[in-house]
1. Work the Kirkwood hydrodynamic radius out for region 57-108: mean of 1/r over every pair of different alpha-carbon atoms, inverted, in Å.
2. Residues with amide H under 5 Å of THR136's amide H, sequence separation 5 or more or different chain, H placed in the peptide plane at 1.01 Å from N; which?
3. Would you please give the residues with an amide H less than 5 Å from that of LEU95, counting only those at least 5 places away or on a separate chain, with H modeled from the backbone geometry?
4. Whole-Hz ³J(HN,Hα) for each residue in region 70-82, computed from phi via Karplus 6.51 cos²θ - 1.76 cosθ + 1.60 with θ = phi - 60°, x for glycine and proline: what do you get?
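What follows is calculated from the coordinates using simple rules that are stated; it is not laboratory data. Treat the numbers as computed from the prediction; the structure is a model and nothing was measured.
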Amino acid sequence: MATLNREQLSHGNRDPGVTYHYRVFAVNDDDETSAPSVVSATAGGPNTPTGLTVTASGRNEITLRWTAPDSDGGSAITGYRIWRSLDGQAPWRELVPNTLGTGTTFIDGVVDAGTTYYYRVSAINSRSVGNPSTVTHATTEASAVARQCPGCAEEFNGNPFRTDPDRSFLDGSQ
């Protein structure tokens with residue numbers, strides 16, 4: 001129980017969108033209390049962005065798109081936080097702590113070929129960061145090594161080698 005000598009209480013670090021209930025009563029100088037009243041308040045963070053899609057564009061980038069939340073929590077959305085993971089589980093890395101804008105598209109250009117990345121997005125307003133979206137993922141294309149003539153002799157750094165050990169070099173050598 002907290003004792004306050006004021007008429008207002010700020011209760012930080014609450015989950016956005018969750019309703020909290022408080023019992024409030026007054027105490028006078030003779031330690032007499034009034035009947036308690038129940039007060040409810042919903043934390044003021046923005047709702048969760050929806051419709052997150054991620055699309056790999058070749059092996060060099062992944063494009064994220066989402067829909068803004070249906071409620072800004074009473075304060076305008078000022079940006080989005082983007083998280084990335086290699087397995088869709090913890091630990092999540094904050095890829096972008098705050099996009100500093102209300103756009104709902106982001107291109108991740110720091111990706112490796114042939115790798116699966118998992119993403120989630122949260123909206124940010126002046127009060128807090130909302131809960132993250134559902135997790136979705138995309139896999140970049142693997143590095144392509146063209147084999148137009150399997151078994152043919154090829155050259156690497158000036159030295160011939162065989163791509164098929166059962167075939168000889170074009171000049172007939174082994």
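1. For region 57-108, the Kirkwood estimate is 12.6 Å.
2. TYR119
3. Excluding prolines and chain starts, which carry no amide H, the hits are ILE82, TRP83, ARG84.
4. Result, ordered by residue: 6, 9, 8, x, x, 9, 4, 5, 10, x, 9, 9, 10 Hz.
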